[in-house]
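In what follows, a single structure is set out as structure tokens and then discussed.
The values are calculated or read from the model by the stated rules, or taken from the named source; none is laboratory data. In this text, all values refer to a predicted model and were calculated from it rather than measured experimentally. Positions of Cβ are generated from backbone atoms using ideal geometry, with glycine treated the same way; all protein chains shown enter the neighbour counts. Just the protein is used for accessible areas: all its heavy atoms, side chains included, with ligands, DNA and RNA removed. Shrake-Rupley method; radii C 1.70, N 1.55, O 1.52, S 1.80 Å.
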Amino acid sequence: MKRVITYGNFDLLHYGHINLLRRAKEAGDYLIVALSEDGFSEDFKNKKCYFGYEERKRLLEAIRYVDLVVPERSWEQKVQDIQLYQVDIFVMGDDWEGKFDFLREHCEVIYFSRTAEISTSQIKTDLKNR
Ligand code: C2G
């Protein structure tokens, strides 16, 4: 069984995220999502989530492609996660292209193209301008 992992806030969840999760699942058989905890997101990613961790976790668990949601608490946990969850493939959108190549000694690394036309900031702007 090929185990895949990916990381993110997934807030506000939109079809760009779903496109990523679908391709991540298609790359293997079992998809783990390491979901940024609120504190990590605010303190280290400078992103204040609209939905709290528990709500974002429930949303992700309702997606057919997602098999397990675990917390992302630090930038440094990826190698440990790959070992702990016996991960074969690490996946991220290509806005992260090259940033996680150091993981190639532990597992396959794939960067999928982002869904260009949508982003949470774009959604917020569009809603404001309505
Ligand atoms: N994504 C995408 N297309 C979009 C928006 C996002 O493919 N239009 C992808 C991103 O490339 C990422 C995933 O969806 O792979 C989650 O996006 P975010 O929630 O913005 O994740 P990010 O804040 O980049 O956190 O340790 C890694 C970080 O936690 C990644």
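When region 24-49 is examined, which residues are found to be of a type in the set (S, T, N, Q) and in contact with a Lys or Arg (Cβ under 6 Å, 6 or more places away or on another chain)?
Result: 41, single match.
Yes or no, residue by residue, for (1) of a type in the set (A, V, I, L, M); (2) closer than 24 Å to residue 123 by Cα:
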site: 12; (1), (2): yes, yes
site: 17; (1), (2): no, yes
site: 28; (1), (2): no, no
site: 56; (1), (2): no, yes
site: 66; (1), (2): yes, yes
site: 73; (1), (2): no, no
site: 87; (1), (2): yes, no
site: 93; (1), (2): no, yes
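Considering only residues that are of a type outside the set (Asp, Glu) and loosely packed, with under 14 Cβ neighbours inside 10 Å, which ones fall in region 52-66?
Within region 52-66, 52, 58, 62, 64 meet the criteria.
Looking at 109, 69, can you tell me which residue is over 17 Å from residue 27 (Cα atoms), free of Cβ contacts under 8 Å to residues at least 40 places away in the same chain, in contact with a strand residue (DSSP E or B) (Cβ under 8 Å, 6 or more places away or on another chain) and open to solvent by less than 40 Å² (accessible area, probe 1.4 Å)?
Result of the check over 109, 69: 69.
Could you list, ordered by first residue, the pairs with Cβ atoms under 7 Å in which the first is in region 52-66 and under 13 Å from residue 12 (Cα atoms) and the second is in a helix (DSSP H, G or I), at least 6 apart or interchain?
The qualifying pairs are 52/38; 53/38.
Going through region 9-51 one residue at a time, which ones are open to solvent by less than 10 Å² (accessible area, probe 1.4 Å), within 24 Å of residue 88 (Cβ to Cβ) and without any contact (Cβ under 8 Å) to a residue 60 or more places away in the chain?
21, 31, 32, 33, 34, 35, 36
Among the residues of region 112-130, which ones are open to solvent by 60 Å² or more (accessible area, probe 1.4 Å) and within 17 Å of residue 6 (Cα to Cα)?
Once the filter is applied, which keeps residues that are open to solvent by 60 Å² or more (accessible area, probe 1.4 Å) and within 17 Å of residue 6 (Cα to Cα), region 112-130 yields 113, 114.
I'm trying to understand the selection: among the residues of region 72-94, which are among the aliphatic types (A, V, I, L, M) and surrounded by fewer than 16 Cβ atoms within 10 Å (Cβ to Cβ)?
79, 84
Report the residue count in region 81-102 for those that are more than 11 Å from the ligand (Cβ to nearest atom) and either touching a residue at least 60 places away in the same chain (Cβ under 8 Å) or over 23 Å from residue 56 (Cα atoms) (or both).
Final tally of qualifying residues: 10.
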